[in-house]
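**Q** Shown below is the structure under consideration.
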Amino acid sequence: RPQKNWDIGVLRNGNLIAAIELKSQSGSFGNNFNNRAEEVLGVSRDFWVAYRERVFGVTEAPWLGYLFLLEDSPSSSRAVALAKGPLPPSSVFSGTSYIRRYEILCERLVLERDYTATALLVSDKESAQVYDGGASVGAMKFFVSLYTYLSARS
């Protein structure tokens with residue numbers, strides 16, 4: 001795409017050194033999980049192509065983060081059946097809730113080096129309490145990664 005407006009961008013001396021994509025979902029989990037997964041992968045692909053093409057004018061790779069806020073509800077927390085299709089689904093998703101599926105997505109985004117760090121936050125609509133969606137994708141880990149990266153470049 002010709003241009004991306006990041007939710008949070010950190011510039012130093014006019015150069016992009018960090019960017020964060022913020023997303024959320026409340027309801028319609030079955031309809032939106034695949035869309036969100038495709039979207040986040042597309043955003044990272046666009047980012048790294050732009051970096052390779054020196055669109056940001058930097059030589060060192062920027063820090064890239066993805067922070068996702070998901071509604072905690074019976075629909076997002078109960079196990080969901082895998083749909084039948086021409087190809088078998090990955091067994092890692094067998095018997096998982098949408099909360100766990102988002103956790104897997106966030107874990108893999110880092111493992112595949114699409115993002116430097118990811119965080120999954122889960123919130124109950126009624127109480128507005130927010131908690132980490134998993135130890136490997138917790139907010140503390142996300143913000144420590146960002147802080148460490150920025151501190152090393154100050």
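**Q** Largest first, how would Phe47, Phe93 line up by accessible area (1.4 Å probe)?
**A** The ordering from most to least exposed comes out as Phe93, Phe47.
**Q** Just how large is the dipole of region 16-122 about the Cα centre, in debye to the nearest 20, putting +1 at every Lys and Arg Cβ and -1 at every Asp and Glu Cβ?
**A** For this selection, approximately 280 debye.
**Q** Using DSSP to call loops (not H, G, I, E or B), can you name the GluC sites (Glu not before Pro) in region 1-52 whose Cβ has at most 14 other Cβ atoms within 10 angstrom?
**A** Hits after loop and neighbour filter: nothing returned.
**Q** Now for a different question. Helix 139-152: angle to the longest alpha-carbon principal axis of the chain, degrees 0 to 90, nearest 10?
**A** 10 degrees
**Q** Rank-order 79-88, 66-75, 105-114, 125-134 by packing density, defined as the average count of other C-beta atoms within 10 Å over each peptide's residues, highest first.
**A** Most protected by this proxy first, the peptides run 66-75, 105-114, 125-134, 79-88.
**Q** What's log10 of I(q)/I(0) for the chain at q = 0.10, 0.15, 0.18, 0.21 Å⁻¹, Debye sum over Cα points only, no solvent?
**A** With no solvent term, the Cα-only Debye profile gives -0.39, -0.83, -1.10, -1.36.
**Q** Within region 1-60, which trypsin sites (Lys or Arg not before Pro) sit in a loop by DSSP and count at most 12 neighbouring Cβ atoms inside 10 Å?
**A** Arg54
**Q** Okay, moving on. Quick one: if the Förster radius is 35 Å, what FRET efficiency do Ser24 and Glu53 give, using the C-beta to C-beta distance and rounding to 0.05?
**A** Calculated value: 0.70.
**Q** Could you provide, to the nearest whole Å², the per residue accessible area of region 32-154 with probe 1.4 Å?
**A** Dividing the accessible area of region 32-154 by its residue count gives 58 Å².
**Q** I'd like the distance between the alpha-carbon centres of region 117-131 and region 41-106, rounded to an integer number of Å.
**A** With region 117-131 and region 41-106 each reduced to a Cα centre, they are spaced 17 Å.
The values are calculated or read from the model by the stated rules, or taken from the named source; none is laboratory data. Given the structure is predicted, the values throughout are model-derived calculations rather than measurements. Every residue, glycine as well, gets a Cβ built from its backbone with ideal geometry; the counts of neighbours run over all protein chains shown. SASA here: full protein model, heavy atoms, side chains in, ligands and nucleic acids out. Shrake-Rupley method; radii C 1.70, N 1.55, O 1.52, S 1.80 Å.
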